[in-house]
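The values are calculated or read from the model by the stated rules, or taken from the named source; none is laboratory data. Because the structure is a prediction, the values reported are computed rather than measured. Every residue, glycine among them, receives a Cβ derived from its backbone with ideal geometry; neighbour counts consider all protein chains shown.
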Amino acid sequence: MSEPVFVAFATQKGGAGKSTLTALTASYLHYIEGIDVMVMDCDDRQHSFKDYRDNDFLVTNENPYLKRAVMNFYRNFGKKAYEIILTNPGDAVGVALDRLEEGVSPQVVFFDITGTVNDLSIVKLLSRMDYLFVPITTDTADMKSSIRFASHVVNNMLTTGKTKIKGVNLVWNRIPSKSKTRLCDMIDGYVEELGLQSLDTVLSNSSRFFKDGATTGRNGLFRSTMMPPDKRLLKGSNLPELVAEIRKIINV
Ligand SMILES: Nc1ncnc2c1ncn2[C@@H]1O[C@H](COP(=O)(O)OP(=O)(O)O)[C@@H](O)[C@H]1O
Ligand SMILES: [Mg+2]
């Protein structure tokens with residue numbers, strides 16, 4: 001079995017979509033593409049990824065429509081839901097490696113990390129990743145922060161050889177349209193000069209991201225840690241394109 005790839009969506013600023021994109025990508029790979037994943041929830045203050053799973057359990061237990069959908073899905077899936085391990089930035093890699101020693105063999109391990117500045121344990125954790133994806137939005141403050149973060153990683157970590165990171169890519173998220181806006185293109189031109197690049201696929205600001213289940217109704221789930229996204233919500237989401245682009249980069 002080859003070594004799993006370590007991947008993190010990372011940026012300093014909270015709210016850019018790190019946990020959301022981690023969940024969407026992990027679930028799409030695991031439940032649709034048959035790629036085994038494991039998720040390390042490194043946010044020891046909030047454990048937001050674990051909250052997603054708890055919410056998934058809650059809504060699928062209480063909503064008969066979702067309960068049936070889960071049962072139908074697992075009848076054919078033949079595998080379990082991916083594992084989510086609660087940890088902290090300092091211990092995350094060690095805990096993941098212990099789990100691999102125990103014989104678990106995911107092809108990709110995602111590390112969901114908080115957006116904390118100047119935290120040495122987070123910097124060390126980031127340096128152990130194979131690939132970083134940096135969510136960036138068109139909000140001016142977010143944009144600055146993501147560019148500064150990515151540029152710091154590329155210029156201070158990558159070039160000095162202090163890390164095993166093989167690639168850093170910006171990912172436009174929460175933008176007003178389904179393809180890059182003029183602002184995105186302008187910024188892409190600017191970041192290229194800093195030695196950075198962004199993915200072609202973009203994710204628009206969309207209400208489907210809030211569809212993580214309700215205890216009533218027949219609304220499917222878009223972001224679930226136990227199920228693939230509902231087909232109706234997947235349409236036009238650009239998620240398949242995003243995952244395809246990520247797979248090419250991380251070579252999985
Ligand atoms: N493309 C999007 N469209 C609409 N809402 C989004 C999108 N991406 C993320 N969100 C929402 O933004 C909020 C912050 O996202 P989150 O993933 O928690 O950010 P982070 O982990 O970087 O702090 C969440 O409420 C999430 O549902
Ligand atoms: Mg988060």
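Given segment 118-228, what helices (runs of 4 or more DSSP H) lie entirely inside it while holding 1 or more residues that are touching a residue at least 60 places away in the same chain (Cβ under 8 Å)?
120-127, 140-152
Quick one: ASP43 ticks every box in (1) closer than 13 Å to MET226 by Cα; (2) acidic (Asp, Glu); (3) surrounded by 14 or more Cβ atoms within 10 Å (Cβ to Cβ) bar one, so which box is it?
Single failed check for ASP43: (1).
Quick one: is ALA96 in contact (Cβ under 8 Å) with a residue 24 or more places away in the chain, aliphatic (A, V, I, L, M) and in contact with a helix residue (DSSP H, G or I) (Cβ under 9 Å, 6 or more places away or on another chain)?
It is false that ALA96 is in contact (Cβ under 8 Å) with a residue 24 or more places away in the chain, aliphatic (A, V, I, L, M) and in contact with a helix residue (DSSP H, G or I) (Cβ under 9 Å, 6 or more places away or on another chain).
Does LYS18 satisfy the criteria of being charged (D, E, K, R) and within 11 Å of ligand 2 (Cβ to nearest atom)?
yes
Please identify the pairs in which a residue from segment 40-51 that is modelled with pLDDT under 95 has its Cβ atom under 6 Å from the Cβ atom of a residue that is assigned to a loop (DSSP other than H, G, I, E, B) and buried (at least 17 other Cβ atoms within 10 Å of the Cβ), counting only partners at least 6 apart or on another chain.
Here the result reads ASP43/THR114; ASP44/ASN88, each pair linking segment 40-51 to a residue that is assigned to a loop (DSSP other than H, G, I, E, B) and buried (at least 17 other Cβ atoms within 10 Å of the Cβ).
Within the set of pairs 6 or more residues apart or between chains, which connect a residue that is within 11 Å of ligand 2 (Cβ to nearest atom) inside segment 3-15 to a residue that is among the polar types (S, T, N, Q) with Cβ atoms less than 6 Å apart?
Filtered contacts from segment 3-15: PHE9/THR22; THR11/SER146; LYS13/SER145.
What number goes with the only condition from (1) under 25 Å from HIS152 (Cα atoms); (2) away from ligand 2 (no atom under 14 Å from the Cβ) that ASP41 does not pass?
Looking at each condition in turn, ASP41 falls short on (2).
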